[in-house]
Amino acid sequence: MTNPDKARLKMVEEQIVARGIADARVLEAMQNVPRHLFLEEALSDRAYDDSALPIGEKQTISQPYIVALMTQALALQATDKVLEIGTGSGYQTAILAGLAARVYSIERVKPLALKARERLDRLGYRNVAVRNSDGTYGWGEAAPFDAILVAAGSPSIPSMLVEQLREGGRLVIPVGDRNTQVLQLGIKQRGQLVLSCLTDCIFVPFIGAFAWSADAC
Ligand code: SAH
């Protein structure tokens, strides 16, 4: 493949800075994480394309710009504890791990969870825990979280996730129907989320007890 570091620099400039992402720590994280190592070899040539890509099990690695946008919205501090739902390839997990103190990541598809855990270990991410379960329940034992990121499209915001967010904490989640969603940012104030919309988006469905059912997949 073409030099991955150069391709990544071009990705950051043309896809991310050009679309208005300005948080220097987010840009640095996007520059540091080798996206090509989160894909199967056959797709690694396309790793810095402006798109989501297949990762098997009918799931996708998110588009780089969307990863940057969600990460910036979480306004992470180096001391933060983050919950990520929808580990997928582990790419977004790695970005979060470079910006926060600890990341708890949940993936419902077991082979993806195993592969992401192994990959993150191999790449030296020591502040990450990956669990194979239904993320609509959150991760109660590790709560409360400073930030929660949901990487799958949901019909609504599961209440357990709001409960597991600390006061002042941030949550990003795509909410809509199975095909298209609006990426929402919620900030918890006096126990409730104050919501704003970030962009239209298309995520794979959030499947679980408090989101979509698996039947129609
Ligand atoms: N950010 C990831 C992309 C994730 S795609 C990356 O960059 O690779 C969304 C992931 O959410 C898929 O892997 C899907 O299996 C997972 N998912 C869907 N519903 C889930 C649930 N209830 N709990 C945990 N993971 C879920």
Using just the Cα positions, wrap the chain in a convex hull and report its mean projected area in square nanometres, one decimal place.
10.8 nm²
Just to confirm a number: summing +1 for Lys and Arg and -1 for Asp and Glu over residues other than Leu53 whose beta-carbon lies under 10 angstrom from that of Leu53, what do you get?
0
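Fewest Cβ neighbours within 10 Å first, please rank Leu114, Leu185 accordingly. If you can, show how the numbers build up before the last one.
Details: Leu114 13, Leu185 20.
Going from least to most buried by this count: Leu114, Leu185.
Could you tell me what percent of the DSSP beta bridges with both partners in segment 20-112 are antiparallel, to the nearest 5? Could you put the intermediate results ahead of the total?
Details: 3 of 8 bridges.
Here the antiparallel bridges make up roughly 40 percent for segment 20-112.
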For Cα pairs less than 8 Å apart in space and 6+ apart in sequence, what is the mean separation divided by the residue count of segment 17-138, i.e. the relative contact order in percent?
21 percent
Positive-end residue of Phe203, Gln77, Met30, charge dipole of the chain with Cβ unit charges:
Gln77
Nothing charged except the Cβ atoms of Lys and Arg (+1) and of Asp and Glu (-1): what's the magnitude of the dipole of segment 3-101 about its Cα centre? Round to the nearest 20 debye.
140 debye
For Asp23, list long-range residues whose amide hydrogen, built 1.01 Å from N in the peptide plane, is under 5 Å from its own amide hydrogen.
none
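What is the dipole size for segment 63-216, taken about its Cα centre, with +1 at each Lys and Arg Cβ and -1 at each Asp and Glu Cβ, in debye to the nearest 20? Spell out each step's value before the answer.
On the way: 15 positive and 13 negative charges, 73 e Å.
Here the size comes out at about 340 debye.
Antiparallel versus total DSSP beta bridges in segment 63-216: what percent is that, nearest 5?
On the way: 16 of 37 bridges.
Antiparallel bridges: around 45 percent, rounded to the nearest 5.
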Pick from Lys81, Lys58, Lys110: which residue has the top mean-square fluctuation in a GNM of the chain where Cα pairs under 10 Å get a spring?
Lys58
Only Lys, Arg (+1) and Asp, Glu (-1) charged, at Cβ; segment 116-172 dipole about Cα centre in debye
280 debye
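All other residues with a Cβ under 15 Å from the Cβ of Ser196 taken together, and with Lys, Arg as +1 and Asp, Glu as -1, what is their net charge? Walk me through the numbers before you get to the answer.
Values: positive: Arg170, Lys188; negative: Asp200.
That sum, taken over residues with Cβ under 15 Å, equals +1.
With Cβ to Cβ distances under 13 Å as the rule, what net charge do the other residues near Glu40 carry (K, R +1; D, E -1)? Walk me through the intermediate numbers first.
On the way: positive: Arg35, Arg46, Lys115, Arg119; negative: Glu41, Asp45, Glu57.
It works out to a net charge of +1.
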Can you tell me, using C-alpha contacts under 8 Å and at least 6 residues apart, the relative contact order of segment 23-67 as a whole percent?
24 percent
With the 8 Å Cα cutoff and a minimum separation of six or more residues, the chain has a relative contact order in percent of 14 percent
Estimated 222 nm signal from helices in the chain, with DSSP H stretches of n ≥ 4 weighted -39500 (n - 2.57), rounded to 500
-6500 deg cm²/dmol
Which of the residue pairs Lys58/Lys188; Lys10/Lys110; Lys58/Lys115; Lys110/Lys188 have a Cα-Cα distance greater than 26 Å in the structure shown?
Lys58/Lys188; Lys10/Lys110; Lys110/Lys188
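Laboratory data are not the source of any read-out in this text; all were calculated from the coordinates shown. The structure presented is a predicted model; accordingly, all values stated were derived computationally and were not measured. Glycine also receives a Cβ, built like all others from the backbone with ideal geometry; neighbour counts cover every protein chain displayed.
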